[in-house]
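These notes concern the structure reproduced below.
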There are 2 protein chains.
Amino acid sequence: MEDAIQKIDGFFNPRSVAVVGATKKIDKAGHVIFKNFATNKERGVFKGDLYPVNPNEDSILGFKCYKSISKIPGDVELIVVIIPAKAVPAIMEEAAQKKVKTAIIISSGFKEVGNKELEDQVVAAATKGGIRVLGPNCLGVYYSKTGIDTLFLPETKVLTTGDDVVATPRPMPGNIAMITQSGAFGVAALDYLTGRQMGVSKFVSFGNKCDVTESDILHYLLHDKETKVILVYLEDVKDGREFLRVAKKVTVKKPIVIIKSGRSAAGARAAASHTGAIAGSDKIYDAAFEQGGIIRARDMEEFFDIGKALAMQPPALGKNIGILTDAGGPGVMTVDECESLGLTVERFSEETEKKFQDLKDKDIILKIAATSNPVDLTGSVTDDMFVISADLMFQDPKIKGIILLGLHHMPGLREKYIDGIVETAAKYSKPIVMCDIGATEMALYTRSRFDRLCVPSFESPEDAARAMKALVAYGEYLQKNGCSDEYISAFKKVCTPK
Amino acid sequence: MEDAIQKIDGFFNPRSVAVVGATKKIDKAGHVIFKNFATNKERGVFKGDLYPVNPNEDSILGFKCYKSISKIPGDVELIVVIIPAKAVPAIMEEAAQKKVKTAIIISSGFKEVGNKELEDQVVAAATKGGIRVLGPNCLGVYYSKTGIDTLFLPETKVLTTGDDVVATPRPMPGNIAMITQSGAFGVAALDYLTGRQMGVSKFVSFGNKCDVTESDILHYLLHDKETKVILVYLEDVKDGREFLRVAKKVTVKKPIVIIKSGRSAAGARAAASHTGAIAGSDKIYDAAFEQGGIIRARDMEEFFDIGKALAMQPPALGKNIGILTDAGGPGVMTVDECESLGLTVERFSEETEKKFQDLKDKDIILKIAATSNPVDLTGSVTDDMFVISADLMFQDPKIKGIILLGLHHMPGLREKYIDGIVETAAKYSKPIVMCDIGATEMALYTRSRFDRLCVPSFESPEDAARAMKALVAYGEYLQKNGCSDEYISAFKKVCTPK
């Protein structure tokens with residue numbers, strides 16, 4: 001492993017961890033974080049050595065407590081620091097003495113509130129000791145595989161009714177890496193991803209990024225086999241040139257989706273008082289992201305939607321899309337959105353049109369079905385009609401991807417078609433996304449089942465179209481960068497039917 | 001009641017209904033629709049006389065069945081027609097003889113598949129008899145209060161696991177009218193509205209609109225006391241001038257939100273084969289909607305989001321918005337979106353700034369809180385901090401509406417603040433919308449609770465900003481049309497705290 005990567009890997013795979021500021025007071029961040037480690041150690045997930053550090057305690061949760069880092073008998077690879085800001089520089093000096101390799105500084109009260117000097121002292125001590133620092137003013141790391149969990153927000157809350165409800169959940173393992181400058185957006189993202197059953201490979205909240213930057217983490221994730229897509233929330237970029245250099249390397253291997261806030265003048269002002277970010281001209285960011293092959297999401301929902309599509313489906317090798325629907329109106333809405341995004345919805349090749357006519361002649365699909373793209377099987381759709389039509393569309397060389405609108409309301413449609421669509425899609429390297437509209441049981445069931453089988457599902461026609469647009473845009477980017485069609489098609493569909 | 005209104009009212013308040021094409025075959029639309037009426041009659045909701053019409057049956061669900069409409073002894077005000085298209089003209093002739101007042105023609109196979117002549121015959125018979133016709137090729141009407149329910153899609157479906165799940169739910173009563181050219185979009189909308197707990201006053205799917213048009217329904221809804229907001233899905237407008245004339249009358253009384261599909265060339269082609277719509281130039285629609293004060297939604301999600309905001313909150317009397325957050329990043333995202341939508345997020349008046357400083361001096365809010373709009377109370381927020389800050393912001397004359405970002409993840413935030421915010425908001429006529437991010441228990445609970453107390457909640461910062469934009473745009477429209485501030489402020493918040 002190259003040195004820079006190995007250093008960053010210390011945040012995810014440390015053999016020993018000291019929690020500086022661990023405490024018995026249960027409502028404190030220092031307690032929550034230490035308890036996360038202790039619990040994960042007990043469960044056998046965190047396999048390293050664990051040391052609480054606090055001059056005022058003898059033991060915490062059954063672990064012997066140390067007065068200072070220097071008093072710990074064994075090696076300490078990672079320290080997690082949750083103490084008042086002004087005490088942090090001294091701790092870093094001590095950590096350097098102890099040959100600590102990495103530090104996550106959770107504490108706030110640095111640059112973001114004007115204390116730049118204090119932050120500089122931290123950096124100076126860390127640099128001298130060769131310690132890589134994440135933060136300060138951050139949430140740190142969540143990595144389920146090794147049990148690194150520095151999230152200090154309560155996992156559940158008790159309502160006044162007495163009910164204990166999930167408040168800050170931990171997502172299941174998956175192939176999406178989430179890195180964020182805003183801690184609040186980070187936990188919100190974890191909540192969203194968990195609820196939508198989107199799995200996470202690594203989570204990193206880097207806050208003020210006094211040392212480890214977005215570029216360092218991207219470089220690490222480039223080589224991380226568990227990560228297929230990288231989602232990034234940014235308010236500014238520390239070193240534009242370095243960022244672009246790394247991004248270009250990453251994006252030919254795995255997509256980066258970004259939400260960059262502080263777009264507007266008032267937004268930039270707000271960002272400055274938040275993470276001390278200097279937002280800079282938004283147009284420059286736009287240009288840089290485009291150059292680096294980074295997909296910029298327009299808003300939060302698109303951010304996650306695009307991430308989901310790229311995590312499950314291969315990029316498209318062209319922009320002409322086939323639309324298959326059982327609902328006329330939503331079909332029209334999808335066509336509209338595709339065209340407004342620069343995708344095309346052209347008529348099929350003659351061969352495909354003939355094949356559809358043949359299906360009509362044989363009464364396999366309805367005579368009144370529209371079959372010139374979009375294919376509208378009408379409210380009289382059946383499972384078989386959907387599956388056979390999807391297969392024909394995949395075969396058409398003009399069609400580079402399919403948007404399926406499977407509105408579950410139609411009387412003849414059962415959930416059987418879901419497996420049929422997934423099996424058919426698995427035969428082709430072209431991407432497919434789907435939409436079902438509704439917010440009650442059958443809609444939730446349908447979308448969740450498609451998601452689990454890795455055909456990404458969306459709640460509106462436009463969301464589905466935007467997801468497809470991202471698959472097209474990423475394919476175009478790869479082609480423009482000299483990637484062969486074979487290379488691009490090797491971005492396999494993640495799941496295959498059982 | 002004016003005559004035109006009384007006629008349309010016959011679709012919602014008929015004293016007698018005949019279901020032509022009622023049948024015992026349980027998978028048929030004619031069975032589902034008749035059963036809806038029979039069940040609603042049994043439940044005491046539908047209070048009129050009910051007659052099944054079918055030459056091949058003696059009785060259906062215990063109701064004496066009639067061979068034809070003419071054989072029915074009593075008056076028949078409304079007929080619901082579910083028979084093959086080619087038999088419909090004759091039925092309409094008979095209905096005219098019987099002095100039927102209104103007809104809902106569910107049957108398809110008319111203009112939308114090229115049978116314009118057949119549709120013309122229906123219109124001719126109806127016109128001669130003075131019958132108002134809804135459809136054909138539509139889903140008809142759902143009106144919970146009188147038990148009119150011509151939706152023939154299965155309310156539940158049985159999965160292969162044996163589980164019976166809700167497939168096409170009926171929404172709760174409320175103040176949103178939903179009218180739609182696409183039946184599929186209509187049921188999808190009902191599913192969405194039900195799941196999101198948005199109540200519906202009247203639902204009308206008008207399909208090919210051979211007689212009753214969007215304009216007729218809008219005119220009716222103008223006078224409908226149960227309707228506060230009108231949501232419209234359109235593929236074309238039948239008579240542009242009439243539509244504009246009616247819309248202008250309506251929009252100074254209640255907002256109309258539209259989703260108009262067939263925007264693109266390919267979309268228009270798809271629309272033509274769907275409801276036979278001639279979509280026309282999208283720019284002309286844009287101009288007409290603007291002239292008529294109609295709010296055009298960009299996509300499905302915005303359509304419902306705007307509807308929700310307008311159903312619960314009064315319009316804003318200006319475009320300068322206050323943002324109150326416990327999460328820095330999402331706060332910045334909100335500012336960005338507001339500014340990109342043409343709203344402003346200006347610093348507070350000096351007086352407000354002073355009041356906030358006073359709160360800091362008294363340690364009521366944190367010294368590190370940002371208080372110059374956006375107000376960022378930070379992750380150390382408490383219930384009380386949120387409520388007192390909201391109150392100060394409402395008081396500022398420069399602030400015309402508030403976007404609250406209450407990310408529930410923060411340790412010191414409990415659900416108590418929800419009631420506090422609602423009580424505070426109730427004191428002012430300025431609108432408020434909120435956002436909490438996440439998709440697990442506490443997020444769902446928080447949003448649902450705000451919704452029930454009529455502070456509309458949204459899943460992303462941008463969605464909240466767009467909802468506020470609609471409240472601002474509607475307020476501006478009313479002002480431009482000479483409505484006084486008092487008139488506009490009289491669009492009361494719908495709920496008040498208990």
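Values in this text are rule-based calculations from the coordinates and carry no lab data. Here the structure is a predicted model, which is why all the values come from computation and not from measurement. FYI the Cβ positions are ideal-geometry reconstructions off the backbone, even for glycines, and counts take in every protein chain you see.
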*With respect to the cross-link table entries A:260/A:493; A:249/A:469; A:67/A:157, which display a Cα-Cα separation exceeding 25 Å?*
A:260/A:493; A:67/A:157
*Could you give me the ³J(HN,Hα) list for the stretch B:379-387, computed from phi with Karplus coefficients 6.51, -1.76, 1.60 and θ = phi - 60°, whole Hz, x at Gly and Pro?*
x, 8, 4, 10, 3, 4, 4, 4, 5
*Residues whose placed amide H lies under 5 Å from that of residue B:174, excluding near-sequence neighbours*: B:200, B:201
_Could you tell me how far the Cα centroid of the stretch B:234-276 sits from the Cα centroid of the stretch B:286-350, in Å?_
23 Å
*If you project the alpha carbons of the protein assembly as shown onto their three principal axes, what span does each projection cover, largest first, in Å?*
100, 64, 49
*Tell me, what is a quarter of the convex hull surface for the C-alpha atoms of the stretch B:386-498, in nm² with one decimal?*
7.1 nm²
_Can you tell me the length gained on complete extension of the stretch residue A:384 to residue A:43, counting 0.36 nm per residue apart and subtracting the Cα distance?_
118.1 nm
*Quick one: of the DSSP bridges fully inside the protein assembly as shown, what percent are antiparallel, nearest 5?*
20 percent
*For chain B, what is the mean residue ellipticity at 222 nm derived from helices alone (per DSSP H run of n ≥ 4: -39500 (n - 2.57); sum divided by total residues; nearest 500 deg cm²/dmol)?*
-12500 deg cm²/dmol
*asked:* Residue by residue through the stretch A:353-358, what is 3J(HN,Hα) from phi via Karplus (6.51 cos²θ - 1.76 cosθ + 1.60, θ = phi - 60°)? Round to whole Hz and write x for glycine and proline.
replied: 4, 4, 4, 5, 4, 4
*May I ask you to work out the translational diffusion coefficient for the stretch B:184-258 at 4 °C, viscosity 1.567 mPa s, via Stokes-Einstein with Rh from the Kirkwood sum over Cα pairs, reported in whole µm²/s?*
99 µm²/s
*If we sort A:381-388, A:259-266 on the protection proxy, mean other Cβ atoms within 10 Å, highest first, what's the order?*
A:259-266, A:381-388
_Number of partner chain Cβ atoms within 10 Å, mean per residue of A:193-206_ = 1
*asked:* Closest beta-carbon to the B-to-A rotation axis: which chain B residue owns it, and what is the separation in whole Å?
replied: B:301, 4
*asked:* Contact order normalised by length for the stretch A:1-138, with contacts defined as Cα pairs under 8 Å and 6 or more residues apart; what percent is it?
replied: 23 percent
_Charge dipole (debye, nearest 20) of chain B; +1 at Cβ of Lys and Arg, -1 at Cβ of Asp and Glu_ = 1540 debye
*So what's the projected area for the stretch B:314-489, the Cα convex hull averaged over all directions, in nm²?*
9.2 nm²
_Cα centroid of the stretch A:471-491 to Cα centroid of the stretch B:104-177, whole Å_ = 46 Å
*What nm distance separates the two modelled labels at residue A:99 and residue B:87, each placed 7 Å from Cα along Cα→Cβ?*
9.2 nm
_Cα centroid separation, the stretch A:370-393 to the stretch B:182-211 (Å)_ = 24 Å
*Report the full-extension gain for the segment residue A:57 to residue A:25: residue separation times 0.36 nm, less the Cα-Cα distance, to one decimal in nm.*
10.4 nm
*For residue A:245, which inter-copy label distances result when the label point lies 7 Å beyond Cα on the Cα-to-Cβ vector, reported in nm to one decimal and in ascending order?*
7.1
*Using Cα positions and a limit of under 22 Å, work out the lysines in reach of residue B:116, with same-chain residues fewer than 8 apart set aside.*
A:367, B:86, B:128, B:209, B:238
*Using modelled backbone amide H atoms (1.01 Å from N, in-plane), which distant-in-sequence or interchain residues come within less than 5 Å of residue B:49's amide H?*
B:16, B:17
*Name all residues of the stretch A:194-220 having a backbone nitrogen under 18 Å from the label point set 7 Å from the Cα of residue A:245 along its Cα→Cβ direction, giving them as ranges.*
A:211-220
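What average number of partner chain Cβ atoms lie no more than 10 Å from the Cβ of the residues making up A:151-159?
The shielding value for this peptide is 4.
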*Determine, for A:415, A:350, the number of other Cβ atoms within 10 Å of each Cβ, and report the residues in order from fewest to most.*
A:350, A:415
_Only Lys, Arg (+1) and Asp, Glu (-1) charged, at Cβ; the protein assembly as shown dipole about Cα centre in debye_ = 560 debye
*Could you give me the percent of Cα pairs per 10 Å distance bin for chain B, shortest bin first, beginning at zero and ending with the bin that holds the maximum distance?*
4, 19, 26, 22, 15, 9, 4, 1, 0
*Whichever lysines have a C-alpha closer than 19 Å to that of residue A:145, once near sequence neighbours (fewer than 8 apart) are set aside*: A:7, A:35, A:41, A:47, A:202, A:225, A:228
*Signed unit charges on C-beta, dipole axis of the protein assembly as shown, positive-most listed residue B:490, B:186, A:45*: A:45
*Using a label position 7 Å from Cα in the Cα→Cβ direction, what is the ascending list of nm distances from residue B:368 to the same site in the other copies?*
6.5
*Taking 7 Å along the Cα-to-C-beta vector as the label spot, tell me the residue B:287-residue B:360 distance in nanometres, rounded to one decimal.*
5.2 nm
*asked:* Between residue B:123 and residue B:6, what is 0.36 nm times their sequence separation minus the Cα-Cα distance? Round to one decimal in nm.
replied: 40.1 nm
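Can you work out the FRET efficiency for the pair residue A:351 and residue A:489, with r the C-beta to C-beta distance and R0 = 25 Å, to the nearest 0.05?
According to the calculation, E is roughly 0.70.
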*Sketch the reach of a paramagnetic label on residue A:164 as a point 7 Å from Cα along Cα-to-Cβ, and name the residues of the stretch A:22-41 whose backbone nitrogen lies under 18 Å away.*
A:26-28, A:32-33, A:35-40
*Residue-averaged beta-carbon neighbours from other chains (10 angstrom radius) around A:160-167*: 5
*For the stretch B:96-104, take each phi angle, set θ = phi - 60°, evaluate the Karplus expression 6.51 cos²θ - 1.76 cosθ + 1.60, and give the result in whole Hz per residue in order, putting x for glycine and proline.*
4, 4, 7, 6, 5, 9, 9, 9, 9
